[in-house]
1. If R0 is 35 Å, what FRET efficiency do you get for LEU99 and ASP135 from their C-beta distance, rounded to 0.05?
2. Starting from the Kirkwood Rh over alpha-carbon pairs, what translational D in µm² s⁻¹ does the stretch 233-278 have by Stokes-Einstein at 4 °C and 1.567 mPa s?
3. Work out how much length LEU155 to GLU89 would gain on full extension: take 0.36 nm times their residue separation and subtract the Cα-Cα distance, in nm to one decimal.
4. Roughly speaking, what is the centre-to-centre gap between the stretch 230-301 and the stretch 124-160 when only Cα atoms are used, to the nearest Å?
5. What's the FRET efficiency of LEU146 with GLU73 using the Cβ-Cβ distance as r and R₀ = 51 Å, to the nearest 0.05?
6. Rg(Cα) of the stretch 83-235 divided by 2.2 N^0.38 Å?
7. Given the C-alpha atoms of the stretch 1-54, compute the convex hull and give its volume per residue in Å³.
8. Using a 1.4 angstrom probe and counting only protein chains, how large is the accessible area of TRP8 in Å², to 10?
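The values are calculated or read from the model by the stated rules, or taken from the named source; none is laboratory data. All of these numbers come straight from a predicted model, not from anything done at the bench. Cβ coordinates were reconstructed from backbone atoms using ideal geometry, including for glycine residues, and neighbour counts include every protein chain displayed. Each accessible area value is taken on the protein alone, full model and side chains, heavy atoms only, with ligands, DNA and RNA left out. Shrake-Rupley method; radii C 1.70, N 1.55, O 1.52, S 1.80 Å.
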Amino acid sequence: KVTIQDAWHPQATLATYLLVNRNLPLPAQLPEGTVVRVPLQRVALLSSVHTALLTDLRAESCIAALADTPDLEQLRALQADAVWVSPFENAGHGSLSRLGTPLIECADYMENSPLARAEWMRFYGRLVGRAAEADSLFLAIERRYLDLRQKASKLKPQPTVFCDLRTGGTWYQPGGHSTMGQFIADAGGRYLWADRPESGSLQLDFESVFSRAHAADIWLLKYGRPTSLTYASLAGEFNRYTQFRPWRERHILACNTMQKAFYEEVPFHPERLLANLICVFHPAVAPQIEQTVRYYEPLAN
């Protein structure tokens, strides 16, 4: 029996699943919950994040479909054992709820802790008959992450950090209790909005960001574009970016998610991003931590 807490209403339950071996008859008496016959043999995924995890668990053969916008008739024709969906606050899953196929609520993205999100692999592993592999992989990831965090906690000085670019008139920064906020702290950085209690994004104007971050040590940019950003292209997009110290002193580190597998890897391999950020914040230890740059790398001129 697996019970998933409602991330928006912690006292409530989002879903309850009863995982029953597909090779055994259903018990006469079952508690309340959605019956899922495991291991799943045909899975429809609505996120590439879970594709990468199932590949890690050597269970990719069970992936029957991957789509951003599912078509009900196509899903019905697939005869999938389950559809993995992402829940949203106060929202159902529309026509998918009438499919008659178990919907697996993949609420891992709502976790604030990088390790808490990664631990969801233990649930997903049990769905696809890879429980032992998932437990072993998570323990290895947890061990590596905690070891890196311990190393980073002793490194000085801790650089001040802010993130990303303005979109229209809004500049989104991770909340102080967000996953990215924790990554920065665990990597030995001082996130400039660590004092904010939000776990989601902060919607700020340029002046608010500039007043707090203009003298920051490091600027982390994550974006997805066909061509890579440069210092010159940033200045061309919005000249006031040049007023930030990291632009003037060339301390911008960027990750182009169209070239790097950031979204596919990081949710279930947080130790990889942590290693990368430690090297960004504390270059002197980079040779002992990470041999190749995986995500964030210096922005080109």
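1. Numbers: r = 31 Å, r/R0 = 0.87.
Rounded to the nearest 0.05, the efficiency is 0.70.
2. Values: Rh = 12.6 Å.
This corresponds to a translational diffusion coefficient of 103 µm²/s.
3. Numbers: separation 66, 0.36 × 66 = 23.76 nm, distance 3.95 nm.
Going from the current span to full extension adds 19.8 nm.
4. 21 Å
5. Details: r = 47 Å, r/R0 = 0.92.
Plugging the Cβ-Cβ distance into 1/(1 + (r/R0)^6) gives 0.60.
6. Numbers: Rg = 19.2 Å, N = 153, 2.2 N^0.38 = 14.9 Å.
This ratio for the stretch 83-235 stands at 1.29.
7. Numbers: hull volume 5.5 nm³, N = 54.
Residue-normalised Cα hull volume stands at 103 Å³.
8. 60 Å²
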